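Colleague: Let me give you the structure first, and then I'll get to my questions.
The values are calculated or read from the model by the stated rules, or taken from the named source; none is laboratory data. As the structure is a computational prediction, the values presented were derived from the model and not from experiment. All Cβ positions, glycine included, derive from the backbone under ideal geometry; neighbour counts span all protein chains shown. These area figures cover heavy atoms from the full protein model, side chains too; ligands, DNA and RNA do not enter into them. Shrake-Rupley method; radii C 1.70, N 1.55, O 1.52, S 1.80 Å.
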Amino acid sequence: MKQQYEIVVGLEVHLHIATATKAFCGCKNEFGLKPNSGVCPVCMGFPGSLPVLNEKYLEYAVKTALALNCKISDKMKFDRKNYFYPDLPKNYQISQYDMPLSEAGLLEIIAKDAAPKKIRIKRVHMEEDAGKLLHEEDNITRVDFNRSGTPLLEIVTEPDINSPEEAYAYLLTLKNLLEYLEVSDCDMEKGSLRCDANISIRPAGQAALGVKVEVKNMNSFKGVRAALEYEQKRQESLAQDNEKIIQETRLWDSDKKITQPMRTKEEAHDYRYFPDPDLVPFEIDPALIKKIKNNMPQLPAEKKKQIIKDYGISEYDAGILISDKAMAEYFLKCAQSYNQPKIIANWIISEILKYLNSKNMEFRYFDLPPAHLTDMLKMMDSGKISGKIAKDVLSDMITSKKSPQDIVKEKGLLQISDETELRAVIKAVLRQHAQVTKDYKSGKEAALSFLVGQAMKATKGKANPGMVNKLLKEEMGNI
Amino acid sequence: MENKIKTDDIKYVAELARIKLSEKEAGVLSAQLNDILEYINKLNKLDTTNTEPMSHALNMTNVFRKDEVMPSLTQQDALKNVPDGKDGFFRVPKVI
């Protein structure tokens, strides 16, 4: 029988923290500045310069670690991680080694078609980012140190993830949580959120871990999932053939959809960590922790419960609404001015999300005033416009920025509920489709919806569908 | 006394630190470092049972800076001493 394998994955996320200034100096912590214009002696590693910790960075770090249910250390220190690479001007990175900010957290995830699962967080520690290397030219690498010294958090899981789908769910859940915390813009395109993975396989049921392979260079969550799927297959096929899995670092190639060994010189990683003498140790004040706890925003899990409880939204729909903070806020604003939360949720989840997906746009850039949506829904509710017209009004509102009232007035979209007018339309439809009418009368129920459709078409979608149904039946009874 | 730091250790550390050493230099350094270690070793004779471990020479904690923007160097100044710079970038031999 073919041996079954289990995959074991641990993820390392590097999160860029959105303070105004860098971790240890007063340079702007900003993306998109002119190259090498946001640098100073500290973040360029000039001799004699002195790094000093940004207090906001610590505050955001504590906030994030608390939201991940971590234990905040009483004492922490910074260490130097030594290595040579052109993106690292000091030849060491200020990081944390044996006394990190926090340890032992938990994040609950729900992978696709799976039950909730708790992923243990091994540690969350603080470290500075390196500069940015650009390899566009032949034989030359260009270096921009603006990113050098910007604040990061490294969030490391225990090897608790057992499928590519779980890894994907973990990243989505983490990103969602971070958006609610407002400590980072979480923008993967800017590199604000980066993820490396450690993956090994072992025969199902075995307790000992297999040989670990590190996979890097994934630039999207879907990329992480695809890289793990590839690596799982690769390792399983090696194991089936009794070939050795080598401990190494591999790079994901998103074009070829494969991982390849990273070309490095054969040298052991020996970072020679030691305490950074430029930075004094830190004792994290319990009063600071308490203050941050008291000011913690409502987190996604809590918001989901609130939406289910206060607005009667289904678990599934509430899950979609909270999956994007901007969307949840939009829903809550709409729900304040229109007391049909389920209708609001349906319109957001079906129509608005469909529109955003077609434009490949994030919800936070959706600028339709909530009042325009609710005004339109109210017009639909009171029968002024039909459901079909409502969809047209919505897309019109999004592009023209006009109010639904103005759009309906200008385009003459008010629903026709006048019986005399509708009866005339219906009589004409029945005359035109005498055969279909006969079919209906001889018992073919489906013929009715065709006739309703024709009446809607004749009124350009403005007819009140309920009345059309009723009048159609009446008129056919008279034939 | 036995040599705690062998020539191979010196060579390994030198390689990590990108320092080129001749065989002779490695031998000299190994002997010197062993002397230093032996000297430092005197500290091990002290009774530290009641001494708290520390990670810093100064008895000081929690030195912070406010999250306020300070002027950076100009791009021109940042690149002033660079052997190879162009279009606002530092340029180095290709590393990928």
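Colleague: Please figure out what share of the DSSP beta bridges in the protein assembly as shown is antiparallel and state it in percent, rounded to the nearest 5.
Modeller: So the antiparallel bridges in the protein assembly as shown amount to around 90 percent.
Colleague: If we count every other residue with Cβ under 9 angstrom of residue A:157's Cβ, Lys/Arg +1 and Asp/Glu -1, where does the sum land?
Modeller: -1
Colleague: Further, regarding this structure: When the C-alpha atoms of segment A:48-188 are aligned to their principal axes, what extent does each axis show, in angstrom, from largest down?
Modeller: 51, 43, 26
Colleague: Taking accessible area as the heavy-atom solvent-accessible surface of the protein chains with a 1.4 Å probe, which residues of segment A:85-129 lose no less than 20 Å² upon going from the isolated chain to the full protein assembly?
Modeller: A:85, A:86
Colleague: Can you work out the accessible area per residue across chain A, with the rest of the protein chains kept in place, probe 1.4 Å, in square angstrom?
Modeller: Per-residue accessible area for chain A comes out at 49 Å².
Colleague: Rounded, prolate or oblate: which fits segment A:80-154, taking a ≥ b ≥ c as square roots of the Cα gyration tensor eigenvalues, rounded meaning a/c under 1.5, else prolate when a/b beats b/c?
Modeller: Verdict is oblate for segment A:80-154.
Colleague: To continue, here is another question. Under 20 Å between C-alpha atoms is the cut-off here; go through segment B:1-46 and count lysine pairs that meet it, provided they're at least eight residues apart or on different chains.
Modeller: Qualifying lysine pairs in segment B:1-46: 7.
Colleague: Right, here's the next one. Specify whether the C-alpha gyration tensor of segment A:235-373 places it in the rounded, prolate or oblate class, a ≥ b ≥ c being the square roots of the eigenvalues: rounded for a/c under 1.5, otherwise prolate if a/b is larger than b/c and oblate if not.
Modeller: Judged from the Cα gyration tensor, segment A:235-373 comes out oblate (a/c at least 1.5, b/c at or above a/b).
Colleague: Here's another thing I want to ask about it. Give the relative contact order (percent, whole number) for chain A; include only Cα pairs under 8 Å separated by 6+ residues.
Modeller: 14 percent
Colleague: Rounded to the nearest 500 deg cm²/dmol, what is the calculated helix-only ellipticity per residue at 222 nm for chain A, with -39500 (n - 2.57) per DSSP H run of length n ≥ 4?
Modeller: Per the formula, -12000 deg cm²/dmol.
Colleague: At a cut-off of 20 Å², which residues of segment B:1-44 become less accessible once all protein chains are present than in their chain alone, using a 1.4 Å probe?
Modeller: Flagged in segment B:1-44: B:12, B:16, B:17, B:18.
Colleague: What Kirkwood Rh does segment A:410-479 have if only Cα atoms enter the pairwise 1/r average? Answer in Å.
Modeller: Radius from the Kirkwood sum: 12.1 Å.
Colleague: A follow-up question, please. Please tell me the relative contact order of segment A:400-468 in percent, rounded to the nearest whole number, where contacts are Cα pairs under 8 Å and at least six residues apart.
Modeller: The normalised contact order for segment A:400-468 reaches 38 percent.
Colleague: Could you tell me how many degrees, from 0 to 90 and to the nearest 10, lie between the Cα long axis of helix A:300-311 and the main elongation axis, the longest principal axis, of the Cα atoms of chain A?
Modeller: Around 20 degrees separate the two axes.
Colleague: List the residues of segment B:62-91 whose accessible area drops by at least 50 Å² when all protein chains are present, compared with their chain alone, using a 1.4 Å probe and counting only protein heavy atoms.
Modeller: B:62, B:63, B:64, B:65, B:67, B:69, B:72, B:73, B:75, B:89, B:90, B:91
Colleague: Now for a different question. Tilt of helix A:446-458 relative to the longest C-alpha principal axis of chain A, in degrees (0 to 90, nearest 10)?
Modeller: 90 degrees
Colleague: Please compute the Cα-Cα pair-distance distribution of segment A:393-446 with 5 Å bins starting at 0, giving whole percents from short to long.
Modeller: 4, 16, 15, 12, 12, 12, 11, 11, 6, 1
Colleague: Helix A:465-478 against the longest principal axis of chain A: what's the angle in degrees, Cα atoms only, rounded to the nearest 10?
Modeller: Compared with the principal axis, the helix lies near 30 degrees.
Colleague: Counting just the Cα atoms, what span does chain B cover along each of its three principal axes? Round to the nearest Å and put the largest first.
Modeller: 58, 43, 23
Colleague: Now for a different question. What net charge do the residues around residue A:26 carry, taking every other residue with its C-beta under 13 Å from that of residue A:26, with Lys and Arg at +1 and Asp and Glu at -1?
Modeller: For residues surrounding residue A:26, the net value is +1.
Colleague: Now for a separate question. In Å², nearest 100, what accessible area do chains A and B bury in total when the solvent probe is 1.4 Å?
Modeller: Its buried surface, counting both partners, is about 4000 Å².
Colleague: Right, another one. Expressed as a whole percentage, what fraction of the accessible surface of the protein assembly as shown belongs to carbon and sulfur atoms when a 1.4 Å probe is rolled over the protein heavy atoms?
Modeller: 52 percent
Colleague: If chain A were replaced by its equivalent ellipsoid, with semi-axes equal to the square roots of 5 times the Cα gyration tensor eigenvalues, what would those be, largest first, whole Å?
Modeller: Gyration-tensor ellipsoid for chain A: 56, 28, 21 Å.
Colleague: Between residue B:28 and residue A:106, take the C-beta separation as r, use R0 = 56 Å, and let me know the FRET efficiency to the nearest 0.05.
Modeller: Between residue B:28 and residue A:106 the formula returns 0.55.
Colleague: What is the Cα radius of gyration of segment B:1-46 over 2.2 N^0.38 Å, N being its residue count?
Modeller: 1.26
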